Amino acid sequence: MWFDGWPQIVRIILVGAAAYAALVVCLRVSGKRTLAQLNVFDFIVTVALGSTLATVFLSTDVSWAEGFTAFALLAGLQMLVAWISTRWPRARGIFTSQPALLLADGEIRHEALHRNRLTESELRQAVRMQGTGDLSQVRAVVLETNGKLSVITSSKYGDGSALEDIRGIEALGEDERREPA
C-alpha cells in the first residue's frame with residue numbers, strides 16, 4: 001500500500017518523536033560508555049536500541065511506554081555490566097575480550113593471528129595505515145578489545161607500560177619491554 005491514512009502518519013510523528021526523545025534521555029543517563037567504541041556487549045545493546053526504536057516508530061502493537069521501558073532496561077543493563085566490569089576484573093572477561101599481541105619486535109605471531117581470525121594482509125595494512133613501511137620498525141601490533149589494531153613503533157614504545165594487560169606480552173620478554181633510562 002502507498003498510503004493508509006493520516007492517523008498512522010500522525011502516530012508515527014508523535015510517537016516517533018517521543019520515542020526518540022526517550023532514547024536520548026536514556027543514553028544521556030546511562031553515560032558515555034554506551035556510546036563509546038564498541039565491544040561485543042556494547043554492539044548488542046546498540047543494535048537492540050535501534051531495533052526497539054524502529055519497532056516503537058512503526059508498530060501500532062507497541063506503546064510508547066513499552067518502548068521507553070525497553071530503552072530503560074537496555075540502558076540499565078549496560079550500566080550494570082559496566083559497573084560489574086569495573087568492580088570485578090575477573091567478570092570483565094565475560095563481557096569483553098582481552099587485547100592480543102599480533103606482532104612483537106617486527107615478528108608476526110601467526111598463532112595469535114589465527115586465534116583472532118585475522119590475516120597477515122590485515123596486519124600489514126594496519127601498519128601501512130600508520131605510515132610505516134618496515135615491520136622491523138614496529139615494536140608491537142595489538143588487537144584491541146573493540147577490534148581495532150594499535151600499531152606501536154619502536155620510536156613510540158617508551159617503557160612499554162601501556163602493554164602490560166595484553167595477552168601474549170611475554171613475547172617481548174621482560175628485559176626487552178623496559179628500555180634503559
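The values are calculated or read from the model by the stated rules, or taken from the named source; none is laboratory data. Everything numeric in this text was worked out from a predicted model, so none of it was measured. Ideal geometry is used to build each Cβ from the backbone, glycine not excepted, and the neighbour counts take in all protein chains shown. For the accessible areas, the whole protein counts, side chains as well, though only heavy atoms, and no ligand, DNA or RNA atoms are used. Shrake-Rupley method; radii C 1.70, N 1.55, O 1.52, S 1.80 Å.
The range 110-128 to the range 63-96: how many Å between their Cα centroids? Between the Cα centre of the range 110-128 and that of the range 63-96, the gap is 32 Å.
Where in the range 82-116 is the amide nitrogen less than 15 Å from a point lying 7 Å along the Cα-to-Cβ axis of residue 148? Correct set: 99-100. With a Förster radius of 22 Å, plug the Cβ-Cβ distance of residue 116 and residue 156 into 1/(1 + (r/R0)^6) and report the FRET value to the nearest 0.05. Efficiency, rounded to the nearest 0.05: 0.45. Database remark: amide H of residue 97 closer than 5 angstrom to the amide H of 40 (H placed geometrically; neighbours at sequence offset of 5 or more, or on other chains; Pro and chain starts carry no H). Take each peptide in 46-53, 129-136, count the other Cβ atoms within 10 Å of every residue, and average; sorted highest first, the result is 46-53, 129-136.
For the chain, the share of accessible area belonging to carbon and sulfur comes to 61 percent (1.4 Å probe, ligands and nucleic acids excluded). Applying the Karplus relation 6.51 cos²θ - 1.76 cosθ + 1.60 with θ = phi - 60° to the range 86-102 yields 3J(HN,Hα) values of 7, 8, 10, x, 5, 6, 4, x, 6, 9, 10, 8, 9, x, 10, 7, 9 Hz, where x marks Gly and Pro. The Stokes-Einstein estimate for the range 64-107, based on a Kirkwood radius over Cα pairs and taken at 25 °C with 0.890 mPa s viscosity, is a diffusion coefficient of 189 µm²/s.
Computed from the alpha carbon positions, the gyration tensor of the chain leads to an equivalent ellipsoid with semi-axes of 45, 19, 13 Å, biggest first.
Highest-first packing order for the peptide set 109-117, 97-105, 75-83 is 97-105, 75-83, 109-117, based on the mean count of other beta carbon atoms within 10 Å. In this simple spin-label model, placing a label point 7 Å from the Cα along the Cα-to-Cβ direction at both residue 13 and residue 77 gives a separation of 3.4 nm.
With the whole protein complex present, residue 148 retains an accessible surface near 110 Å², based on a 1.4 Å probe. Relative contact order of the range 58-125: 13 percent, from C-alpha pairs under 8 Å at least 6 residues apart in sequence.
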